[in-house]
Every structure is written in C-alpha cells, then in structure tokens.
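Trainee: Attaching a single structure in structure tokens format; questions to follow.
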Ligand code: TXA
Ligand code: MG
C-alpha cells in the first residue's frame, strides 16, 4: 500500500513530466500533469490510444471545478455536490487551463473527483489536475489492482502507486451536462437510478447499438479471449459445445446456474450481487485470459442499477474487434 513518501515521490514524478499509475475507486488510472502537453502526449503513446480520444481530468475536490471549466451549469453543481468524490465524470465546456491535447481537440472536458484516499492524497500533494485514462493498453481490460497495471504497462509507467484492489471495479459514469438536459454517455459506478433520484426526472442512457462517446469502440474492455454472450440458461450448453469443438472455454457462470457442473476449461461463478460482480468483472476476464482460455461464454445481467454498466462492458467485450 502506498505510503506518504510514495505519494510525495509520485507528485514529484508528475511535476517532472512523468507518468504515475494511481488507484481510484473505479479502476487504476495512468496519470500525468493535465497542463503538461508533453506528458499528456506520452499517455497516448504508452496506451497506444489515438490522439483524438479525450481524457478525464481528475481534480481534488468540487471546489476546484471552476478552475478547469468555462462555466458550471446548476445541474453540474448539483451532481458534483451529490456524487463527488465518486464514480461520476461530468462533461463540461473546456476551461483555458485544459490543453486541447487532453480533450482530443474537443471544446468540452471530462472532469471527476475520485473517491480513493491515495488518489486524493496525490491530488492534494501535487496541487494541479491529473489527466488519467484507465491504465491499460488501448482496447483491453482496465486494471483493478496494482499488479494488473504492472502486467499491462511494465516499465512504460514511471511510478505505480498501490492502493489495493478497486472497490467499484467498473469505470465512472460519464454524464454530459453541456446540453439542455443531462445525458449518460457511459454507464458506470453511479447508477442511472441514483442520478434520476437527485435530478428528479428521467435521463437518457446510451442505447446498446448507438455508440456516442468519442473514443469508445465496441471492442473496448476486451480480454484476449473472444467473448460470446448467450441467455443465462444456455451458458452451460454453449460452453460444452465450444469445448467439444476444441476451444479452451472460460465460463462466467450466472448465479441462476450456481452449482451446475459445466464441461469447460475454467469456470468462474459470478457473484449474485451487482456490486460484487462489478468489482470482480475485469479480474475475472483477466483470470480467464491467464488460464489460457480462447473463448469466454457469459450472459448479460439484468440491465438496471450497476447491471447497466456490467452489461455495457460485457457487450463491448463481445463486440467486433477492430485492428488494435
Ligand atoms: O473511472 C474512470 O472514469 C477511469 C478512472 C481512471 O478515472 N478513467 C477512465 O478513463 O475510464 P478512460 O480514458 O479509459 O475513459 C474516459 C472516457 C472515454 O471514453 C472518453 O471518450 C470519454 O471519457 N471522454 C473524455 N472526455 C470527453 C468529452 N469531452 N466528451 C465526451 N466524452 C469524453
Ligand atoms: Mg479506458
């Protein structure tokens, strides 16, 4: 676990233009000084991410928001007050302090306050904003432990802060608050229902067919193994069939099939609680990759609450692979 001196050292690395992997409550991020154009460019290079894909600026508290954005609409103020620190990212009009390199050339910027003691200590020690995408190579599964980060990025990152396993496990919910009404660009750790309860009205969530967030291709969040989604009751049969056809099959066994014997290479029972499933999802996908599976059979959870984010990530993992 990161010590105070680790945090001081990490802040130094950021000041010197280096890259620091930092824990957040959602997933680990690959951080740089948001105002250092060269450091921001290195993030894209290390991740293999196209420069047009915007990053999130992490700040130390809602009271810093005005420093990073052009204007803060009442809705943004309300949501920030309610959910920060926490797994909510707000898209607002870009303030002058944010270089266009960090926003992929957009005049909007995504901002959030992470709810993790190590991330908050780093933000406080550093003093500025930290741009941080998830600390994985472009298109692959986000890391939820410091070991995942090291396995994913190795020496390409200058310093890794260990904050233990991430508590939420899927990325933040991204809400665009630049328009008349807020809309969810990416479902995540704050549920649509939570947002609606605070706003007092229903809001738009992404349809599963229509990809709205720039930089989100269907193939994102994908393990090396191909992912196939079937109805929960068909998971065992589908897995057995594929195994008989010569695949090394990994199974995410839905709770409704708990205890069912499945003929496959590796079987991981999925937690019945959505909080538990979200926390473990990426770890499961990594584990099945590590165990040599070339095909993963899974089913979608009920897509409400955190199930919306889990379903979104599973669909993307199962989506068509682009050249990566
Ligand atoms: O939980 C999280 O959000 C994690 C942790 C590290 O904070 N970060 C994360 O970053 O998931 P990344 O780069 O993997 O995903 C950021 C998403 C991208 O899909 C990007 O397209 C979107 O945020 N985004 C960033 N700026 C945007 C903007 N101005 N307008 C719309 N979408 C934006
Ligand atoms: Mg990512």
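Trainee: What spacing in nm lies between the two simple spin-label points modelled at residue 233 and residue 52, each 7 Å away from Cα in the Cβ direction?
Mentor: Rounded to a tenth, the inter-label distance reads 4.5 nm.
Trainee: Of the DSSP beta bridges with both residues in the chain, give the percent that are antiparallel, rounding to the nearest 5.
Mentor: Working: 16 of 38 bridges.
Here the share of antiparallel DSSP bridges comes out near 40 percent.
Trainee: What angle do you read, to the nearest 10 degrees and between 0 and 90, between the alpha-carbon axis of helix 74-83 and the longest principal axis of the chain?
Mentor: Once rounded, the angle reads 60 degrees.
Trainee: Divide by every residue of the chain the summed helix terms, -39500 (n - 2.57) for each DSSP H run of at least 4, and state the resulting mean residue ellipticity at 222 nm, rounded to the nearest 500 deg cm²/dmol. Write down the numbers at each step before the final one.
Mentor: Working: 9 runs with 97 residues, N = 324.
After summing the helix terms and dividing by residue count, I get -9000 deg cm²/dmol.
Trainee: Kindly state, to the nearest 0.05, the FRET efficiency for residue 71 paired with residue 294, given R0 = 45 Å and r defined as their beta-carbon distance. Let's see the in-between values first.
Mentor: Details: r = 50 Å, r/R0 = 1.11.
E between residue 71 and residue 294, to the nearest 0.05, is 0.35.
Trainee: Residues of segment 266-289 with backbone nitrogen within less than 20 Å of a virtual label 7 Å along the Cα-to-Cβ line of residue 258, please, listed as ranges.
Mentor: Those under the cut-off are 267-285.
Trainee: Could you sort 135-148, 92-105, 21-34, 65-78 so that the peptide with the highest average Cβ count within 10 Å comes first and the rest follow in order?
Mentor: Details: 135-148: 22.1, 92-105: 18.6, 21-34: 28.2, 65-78: 16.4.
Put in order of decreasing packing, that is 21-34, 135-148, 92-105, 65-78.
Trainee: With each pseudo-label sitting 7 Å past Cα toward Cβ, what's the residue 96-residue 199 distance in nm, one decimal?
Mentor: So the label points at residue 96 and residue 199 sit 3.2 nm apart.
Trainee: While we're looking at this one, here's another question. Which angle from 0 to 90°, rounded to the nearest 10, does the C-alpha axis of helix 117-126 make with the longest principal axis of the chain?
Mentor: Tilt of helix 117-126: around 30 degrees.
Trainee: Something else now. Taking all pairs of distinct Cα atoms, average 1/r, flip it, and tell me the Kirkwood hydrodynamic radius of segment 226-317 in Å to one decimal place.
Mentor: Details: mean 1/r = 0.0776 Å⁻¹.
Here the Kirkwood hydrodynamic radius works out to 12.9 Å.
Trainee: What ranking do 169-176, 124-131 get when scored by the average of other Cβ atoms within 10 Å per residue, highest first? Walk me through the numbers on the way to the answer.
Mentor: Values: 169-176: 25.6, 124-131: 20.2.
Highest-to-lowest ranking by the protection proxy: 169-176, 124-131.
Trainee: Still on this structure, I have one more. So how tilted is helix 307-317 from the main axis of the chain? Cα-based, degrees 0 to 90, rounded to 10.
Mentor: Relative to the chain, helix 307-317 is tipped by roughly 80 degrees.
Trainee: Okay, next question. Looking only at 252, 202, 79, which one moves most when the chain is put into a Gaussian network model with springs between Cα atoms under 10 Å?
Mentor: Of 252, 202, 79, the most mobile in the Gaussian network model is 202.
Trainee: Got a sec? How would 247, 220 order by Cβ neighbour count within 10 Å, fewest to most? Before the final figure, lay out each step's value.
Mentor: Details: 247 20, 220 24.
Fewest to most other Cβ atoms nearby, the residues stand as 247, 220.
Trainee: Between segment 157-185 and segment 102-140, what's the alpha-carbon centroid distance in Å?
Mentor: So the separation of the two Cα centres works out to 8 Å.
Values in this text are rule-based calculations from the coordinates and carry no lab data. From a predicted model like this one, the values you see are computed outputs, not experimental measurements. Don't worry about glycine lacking a Cβ; one is built from the backbone with ideal geometry, like all the others, and counts go over all protein chains shown.
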